[in-house]
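What follows is a single structure, written as structure tokens, with notes after it.
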Amino acid sequence: MFAIDYMKMNVFEGLVLPFDKPLTWTSFQLVAKVRYHLCKKLGIKKLKVGHAGTLDPLATGVMILCTGKATKLIERYQYQTKEYVATLELGATTPSHDLEKPIDQRFDYSHVTQALIEETLPRFMGRIEQVPPSFSACKVDGKRAYEMARKGKEVELKPKVLVIDELELLDCSLPAITLRIVCSKGTYIRALARDLGEALGCGAHLTALKRTRVGEIKLDDCYSVESFEAWLSGLTAEDLAPADQRQ
């Protein structure tokens, strides 16, 4: 667990709180939940809380929250290297490249072998260009791409440069494969699934995603929502207050 000396901490001066984001929760919901419990404990109405990197609702794993003045650290954490474990299904695609939308097309994947996958993966390593998914928060003419895509409008996004440092095949149980990915800020794993499926000639979509590391912070360092609430319940409002307000 990420060590916090609560006798020295101060939510206003700033805390860095790593969480394992629950499945189906939005990043905003996690921030709101943590802010609610901290405000309730302190007996206040407002507290600055932000997160260092969005996770899709269907993804779980490391998400770093910062409070008070520590929100100035958000950009630093956003630019740190991230690690993911992703499961893909070959031979089928969805408009969102994950399970947000139902399968729209199926393709033959009988030609795909583990050897072919391992030969193809290096094409996606290093400095590459990637077109973000249509169902993403990228802006087009001032509007979020996903807002337009969900209305059935065609979305045209420009490719972005990113870096994939490591891309490892952890399991091959066709049509499912599991990958470990170490990458830079701005990498869409859904887009990687889309592009890998195209390169293999069979289509693919993401069926599970877990962010296992941000910089040096790993899953084992993270709170669950339940463990955070339990930890917080053992503190007093004075423990969380500024030092000059403690008795």
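The values are calculated or read from the model by the stated rules, or taken from the named source; none is laboratory data. Note that the structure is predicted; figures quoted are calculated from it, not measured. Backbone-built Cβ (ideal geometry, glycine too); neighbour counts: all protein chains shown.
Filter the stretch 169-191 down to the residues that are polar (S, T, N, Q) and more than 9 Å from residue 86 (Cβ to Cβ) and list them by number.
To start, the set of residues in the stretch 169-191 that are polar (S, T, N, Q) comprises 173, 178, 184, 187.
Across the stretch 169-191, the qualifying residues are 173, 184, 187.
Look through the stretch 152-174, keep the residues that are assigned to a loop (DSSP other than H, G, I, E, B) and surrounded by 15 or more Cβ atoms within 10 Å (Cβ to Cβ), and return whichever of them is modelled with the highest pLDDT. Ranking the candidates gives 174 first.
What are the residue pairs meeting all of these: first residue in the stretch 103-115, first residue closer than 14 Å to residue 88 by Cβ, second residue in a loop (DSSP other than H, G, I, E, B) and charged (D, E, K, R), Cβ atoms under 9 Å, and 6 or more apart or on different chains? If the second residue must be in a loop (DSSP other than H, G, I, E, B) and charged (D, E, K, R), no pairs are left.
The combined condition, being surrounded by fewer than 19 Cβ atoms within 10 Å (Cβ to Cβ) and either out of contact with any helix residue (DSSP H, G or I) (no Cβ under 6 Å at 6 or more places or on another chain) or not assigned by TED's automatic domain parsing to the domain that holds residue 25 (or both), is fulfilled by residue 208.
Taken as a whole, the structure places residue 97 among residues that are of a type outside the set (D, E, K, R), at positive phi and in the same structural domain as residue 190 (by TED's automatic domain parsing). Go through the stretch 111-151 and count every residue that is farther than 28 Å from residue 180 by Cα and either at pLDDT 60 or above or basic (Lys, Arg) (or both). Of the residues in that region, 5 qualify. Regarding residue 179, is this residue in the same structural domain as residue 112 (by TED's automatic domain parsing) and either within 19 Å of residue 59 (Cβ to Cβ) or within 19 Å of the chain's Cα centre (by Cα) (or both)? Yes; evaluated as a whole, the condition is true for this residue.
Taking the stretch 1-95 as the region of interest, the strands (runs of 3 or more DSSP E) fully inside it that hold 1 or more residues being among the aliphatic types (A, V, I, L, M), touching a residue at least 12 places away in the same chain (Cβ under 8 Å) and over 22 Å from residue 219 (Cα atoms) are 82-90.
For residues in the stretch 211-247 being of a type in the set (A, V, I, L, M, F, W, C) and modelled with pLDDT under 85, which is surrounded by the most Cβ atoms within 10 Å (Cβ to Cβ)? The residue in question is 240.
Selection of the stretch 217-237 for residues being aliphatic (A, V, I, L, M), outside any loop (DSSP other than H, G, I, E, B) and either touching a residue at least 60 places away in the same chain (Cβ under 8 Å) or not assigned by TED's automatic domain parsing to the domain that holds residue 32 (or both) yields 217, 219, 225, 232, 237.
Yes/no per residue for (1) more than 22 Å from the chain's Cα centre (by Cα); (2) at pLDDT below 90; (3) within 15 Å of residue 224 (Cβ to Cβ); (4) surrounded by fewer than 16 Cβ atoms within 10 Å (Cβ to Cβ):
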residue	(1), (2), (3), (4)
31	no, no, no, no
44	yes, yes, no, yes
55	no, no, yes, no
65	no, no, yes, no
78	no, no, no, no
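Exactly one residue out of 199, 208 is at pLDDT 95 or above, part of a helix (DSSP H, G or I) and under 25 Å from residue 106 (Cα atoms), and it is 199.
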